Amino acid sequence: MKVGMLTSGGDCQSLNATMRGVAKTLYNEVKNVEIIGFRDGYKGLIYGQYQKMESSDFSGILTEGGTILGTSRQPFKEMRIPDENGLDKVKAMKDTYKKLKLDCLVILGGNGTHKTANLLSQEGLNVVTLPKTIDNDIWGTDITFGFQSACDMAAGVIDSIHTTASSHGRVFIVEVMGHKTGWLTLHAGIASGADVILLPEIPYDIDSICDALKNRAKQGKRFSILAVAEGAISKEDAKLSKKEYKEKVKNRPYPSVAYEIGKEIEEKTGQEVRVTVPGHMQRGGSPCPYDRVLSSRLGACAAQQIIKKEYGCMIGVRDNEIVPVPLEEVAGKLKLVEPGAAIIKEAKLMGISFGD
């Protein structure tokens, strides 16, 4: 058996642990297996940049963040566009697959990665995917690996901010990753006791935010914490067309939405505001124990699918069971936070404001 493997898109803490789960199961269950690792995501498949992996390559990486294969972003919308030398990328990937006589290609990635994986599956390649993203926004799975580790990191930053916010009596804004979905901000915000949580799915009213902060001040609270997703959007901006909003963001006189919100809060309330942006810290470091277990389970199930020759699927989590999900059901869909979800209602019952 000959299996190709690649990691694509933004990195996260549990990619290595997931690859290890696949590899260890294949080595344990199949007498003669060869694993080919493609370097830097789809780029390695396109340009034939790969290496033969040894079982030793998968030892000692359970707790190691990042990816031993390297990764890169290859936008799905550009996959059908020839490169600068006129190379047909889709044909090149198929040619590499056939040249190496692969039985299957294991792909670890997020939403864009799954679109391309589904394309390759439709083009006749045997594909099994694994759901990687700190955003937890892949359709068809209750949770993605990397999410909990990033949540722990983001929550840890907000935890640390509490003491300095309390000492100085300030309003602190922590900008959490998440352009289109707010799962990470929502969970990290609740876990760390944020007073205001702003998500892309729930457009905010700056006056509503300021009212929440003023009410806390009236109650004698010396400080307030806002957990703000980098894709948070005001009610006014949410009414703009996609093109109009992109143009506005392009010309925004602030580094990001968190700074814009901070300036508005200072002007409307007179309170002192500070902004913290942990950025790529949220993708880094060692995977948490939860992700190590999840990745191991997902990897083992992916290997089982390969052994059974059942392809064209993503290995996901549903009701705490590891199950294969048809790729065609996953590709192109985004799992959003529903504004009326139970978790939102429960957070509001505790007094958390969502700025709506």
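The values are calculated or read from the model by the stated rules, or taken from the named source; none is laboratory data. This structure is a prediction, so every number in the text was calculated from the model and none was measured. Here the Cβ is made from the backbone with ideal geometry for all residues, glycine too, and neighbour counts use every protein chain on show. The protein model used for the area step is the full one, side chains on, heavy atoms only, and it has no ligands, DNA or RNA in it. Shrake-Rupley method; radii C 1.70, N 1.55, O 1.52, S 1.80 Å.
Averaging sequence separations of C-alpha pairs under 8 Å and six or more residues apart, then dividing by the length of the chain, give the relative contact order as a whole percent.
Reported relative contact order: 24 percent.
So, by mean Cβ neighbours within 10 angstrom, what's the order for 338-346, 171-179 with the highest one leading?
Sorting 338-346, 171-179 by mean packing, highest first, produces 171-179, 338-346.
With a 1.4 Å probe and every protein chain left in place, work out the accessible area per residue of the range 1-135 in Å², rounded to a whole number.
With the other protein chains kept in place, the range 1-135 gives 42 Å² per residue.
Under 19 Å Cα-Cα from Lys77, which lysines qualify once same-chain neighbours fewer than 8 residues away are excluded?
Here the lysines satisfying the reach criterion relative to Lys77 are Lys43, Lys89, Lys91, Lys94, Lys115, Lys180, Lys242, Lys243, Lys246, Lys333.
Tally the DSSP beta bridges in the chain and give the antiparallel ones as a percent, rounded to 5.
Of the beta bridges lying entirely in the chain, close to 25 percent run antiparallel.
Between helix 89-99 and the chain, what is the angle of the helix's C-alpha long axis to the longest principal axis, kept within 0 to 90° and rounded to the nearest 10?
40
Working only with C-alpha atoms, what are the Rg and Dmax values of the range 1-139, expressed in angstrom?
Answer for the range 1-139, Rg first and Dmax second: 14.3, 43 Å.
Please give, to one decimal in nm, the separation of the simple spin-label points placed at Ser160 and Glu321, each 7 Å out from Cα toward the Cβ.
Label-label distance for Ser160 and Glu321, simple model: 4.2 nm.
How would you order 283-295, 139-151, 307-319 from highest to lowest mean count of nearby Cβ atoms within 10 Å?
139-151, 283-295, 307-319
Answer rounded, prolate or oblate for the range 75-141, using the Cα gyration tensor with square roots of eigenvalues a ≥ b ≥ c: rounded when a/c is under 1.5, else prolate when a/b is larger than b/c, else oblate.
oblate
Does anyone have the angle between helix 111-122 and the longest principal axis of the chain? Alpha-carbon axes, 0 to 90°, nearest 10?
Roughly 30 degrees, rounded to the nearest 10.
Under unit Cβ charges (Lys, Arg +1; Asp, Glu -1), what dipole magnitude, rounded to 20 debye, does the chain have relative to its Cα centre?
540
Express in nm, to one decimal, how much length is gained between Lys214 and Lys52 on full extension, taking 0.36 nm for each residue of separation and deducting their alpha carbon distance.
Result: 52.2 nm gained on full extension.
Taking a ≥ b ≥ c as the square roots of the eigenvalues of the Cα gyration tensor of the range 159-222, is the shape rounded (a/c under 1.5), prolate (a/b larger than b/c) or oblate?
It is oblate, given that a/c is not under 1.5 and a/b is not larger than b/c.
If I build a Gaussian network model for the chain, linking alpha-carbon pairs within less than 10 angstrom, which residue out of Val330, Val273, Val30 has the largest mean-square fluctuation?
So, out of Val330, Val273, Val30, the one fluctuating most is Val30.
Binning every alpha carbon pair distance of the chain at 10 Å from zero, what are the percents per bin?
5, 24, 29, 21, 14, 6, 1, 0
Going by the alpha-carbon gyration tensor, a ≥ b ≥ c the square roots of its eigenvalues, is the range 20-65 rounded (a/c under 1.5) or, if a/c is not under 1.5, prolate (a/b greater than b/c) versus oblate?
Verdict is oblate for the range 20-65.
Choose one answer from Pro324, Pro75, Pro203: the residue with the largest mean-square fluctuation in a GNM of the chain with alpha-carbon springs under 10 Å.
Greatest mean-square fluctuation among the candidates belongs to Pro75.
Tell me the carbon and sulfur percent of the accessible area for the range 259-356, rounded to whole percent, probe radius 1.4 Å.
That share works out to 51 percent.
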